[in-house]
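Written out below as structure tokens is the structure these notes cover.
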Number of protein chains: 2
Amino acid sequence: MASEGTQSRVIQAIVERRSIRHFLEASVDRSILIQALTAASWAPSGLNNQPWRFALVWEQDLKDQLAGLTRYSAVLKNAAVLVPVFLDRESSYDHLKDCQAVGAATQNLLLALHDLGLGAVWIGEILKNADKVLKLLQLPDRLQLMSVVAAGIPAHRNQTSHRRPVEELIVFEK
Amino acid sequence: MASEGTQSRVIQAIVERRSIRHFLEASVDRSILIQALTAASWAPSGLNNQPWRFALVWEQDLKDQLAGLTRYSAVLKNAAVLVPVFLDRESSYDHLKDCQAVGAATQNLLLALHDLGLGAVWIGEILKNADKVLKLLQLPDRLQLMSVVAAGIPAHRNQTSHRRPVEELIVFEK
């Protein structure tokens with residue numbers, strides 16, 4: 001059904017993408033990030049409310065301070081850029097749906113970065129210090145921290161992963 | 001950075017995908033759905049807990065009953081297959097992170113279906129009747145309904161959509 005040559009390219013990227021936690025000491029162009037954030041913004045959302053927001057942290061000093069708020073500090077310190085991801089409560093209409101929408105946008109971001117030759121990892125553990133992240137970036141309470149995506153040029157791509165067999169995920173069929 | 005010919009293919013799919021609400025009267029092979037659900041399962045999740053679960057509803061009578069639980073009944077009735085998506089509370093460790101993971105998996109599902117030539121739409125409005133969906137499918141309370149994805153062969157692809165300019169989404173940069 002998909003036209004020849006396109007079929008499975010997207011699925012291949014989805015399956016091959018890995019969480020990248022080791023980066024080269026190399027910078028990343030802002031224009032690349034903008035492409036990836038644009039892809040993120042093309043996630044679906046209820047009533048098309050687009051509740052996702054992003055911060056871009058490039059400066060080493062600020063990356064180091066964010067790194068101090070998670071046990072994954074080495075990842076954050078060495079990334080070329082950190083992208084704290086937020087839910088904008090003022091754009092929100094249903095928290096359960098909006099959290100999923102932000103998750104969909106974050107997955108788009110990861111897939112786009114992968115597609116652009118970058119590596120990234122979705123850090124959730126820093127949410128324990130969500131209030132400190134907001135304070136550090138001097139952002140208002142209406143922004144709820146959802147994750148921090150750390151991105152850069154991958155030092156390697158030999159990360160392995162695994163998933164449960166898909167048939168185990170199907171709880172009903174008729 | 002991405003190798004020639006692969007760059008932007010994934011981003012293109014992300015940006016071109018639309019919510020499809022009109023389907024041809026044509027069936028969809030189970031094997032296609034399995035490919036798409038496998039892609040869904042390759043979403044990232046905290047601690048790799050993979051909290052997503054799926055139901056597959058093919059029978060017209062059951063589709064009609066689900067259709068009665070949402071204002072988007074025409075979409076559900078005419079889809080080739082309905083995929084109620086759940087969060088398995090027994091696999092859950094942090095509701096906020098797990099909701100985002102299910103959103104990421106659902107986005108993978110939509111992208112994979114698009115890649116395979118199908119169309120689909122993410123229905124959240126049916127969550128108002130989440131308890132009735134569980135009862136109809138005779139599923140246990142440990143499964144939290146997160147959405148229903150309706151999929152089929154698109155009747156057309158002339159759906160338009162729009163997004164806010166990406167610079168408006170950036171709340172901080174330094």
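What follows draws every value from the coordinates through simple rules; no lab data is involved. Just so we're clear, the structure is a prediction, and the values are computed from it rather than from any experiment. Neighbour counts run over all protein chains shown; Cβ positions are idealised from the backbone, glycine included.
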For the protein assembly as shown, take the convex hull of the Cα atoms, compute a quarter of its surface area, and give me that in nm², please. 16.1 nm²
Could you go through segment A:59-75 in sequence order and give the Karplus-derived ³J(HN,Hα) for each residue, using 6.51 cos²θ - 1.76 cosθ + 1.60 with θ = phi - 60°, rounded to whole Hz, and x for Gly and Pro? 6, 4, 4, 6, 4, 5, 5, 5, 4, x, 9, 8, 6, 9, 4, 4, 5
Considering only C-alpha atoms, what is the centroid distance from segment B:61-82 to segment A:105-174, in Å? 33 Å
Please compute the average number of Cβ atoms from other chains found within 10 Å of each residue's Cβ in peptide B:8-21. 6
Work out the mean other chain Cβ neighbour count within 10 Å for the residues of B:25-37 and drop it here as an integer. 2
At a 10 Å Cβ-Cβ cut-off, how would you order B:10, A:28, fewest neighbours first? A:28, B:10
Where rotation carries B onto A, the chain B residue whose Cβ is nearest that axis, in whole Å: B:103, 1
Starting at 0 and stepping by 5 Å, how many percent of the alpha carbon pairs of segment A:33-156 end up in each bin? 2, 12, 23, 23, 21, 13, 5, 1, 0
Dipole in debye (nearest 20) - segment A:33-156, about Cα centre, beta carbon charges: Lys, Arg +1; Asp, Glu -1: 180 debye
Placing a label point 7 Å from Cα toward Cβ, how far apart in nm is residue A:168 from its equivalents in the other copies, listed shortest first to one decimal? 4.4
So for segment A:110-174, using the alpha carbon gyration tensor with a ≥ b ≥ c as root eigenvalues (a/c under 1.5 gives rounded; past that, a/b versus b/c decides prolate or oblate), I'd call it oblate
Along the charge dipole of segment A:70-121, Cβ charges K/R +1 and D/E -1, which of A:101, A:120, A:78 sits furthest on the positive end? A:78
What number, rounded to the nearest 500 deg cm²/dmol, is the helix-based mean residue ellipticity at 222 nm of the protein assembly as shown, given -39500 (n - 2.57) per DSSP H run of at least four residues and division by all its residues? -10500 deg cm²/dmol
7 Å along Cα→Cβ, label-point gaps from residue B:140 to other copies, nm, shortest first: 4.5
Counting alpha carbon pairs within less than 8 Å and at least 6 residues apart, what relative contact order, in whole percent, applies to chain B? 33 percent
For residue A:58, place a label point 7 Å out from Cα along the Cα→Cβ vector, do the same in each other copy, and report the separations in nm, one decimal, smallest first. 5.3
Taking a cut-off of 18 Å between Cα atoms, list the aspartates and glutamates near residue A:63, but don't count ones fewer than 8 places away on the same chain. A:25, A:29, A:125, A:131, B:173
Can you put A:168, B:173 in order, fewest other beta carbons within 10 Å first? A:168, B:173
Order of A:95, A:156 under a 10 Å beta carbon neighbour criterion, fewest first: A:156, A:95
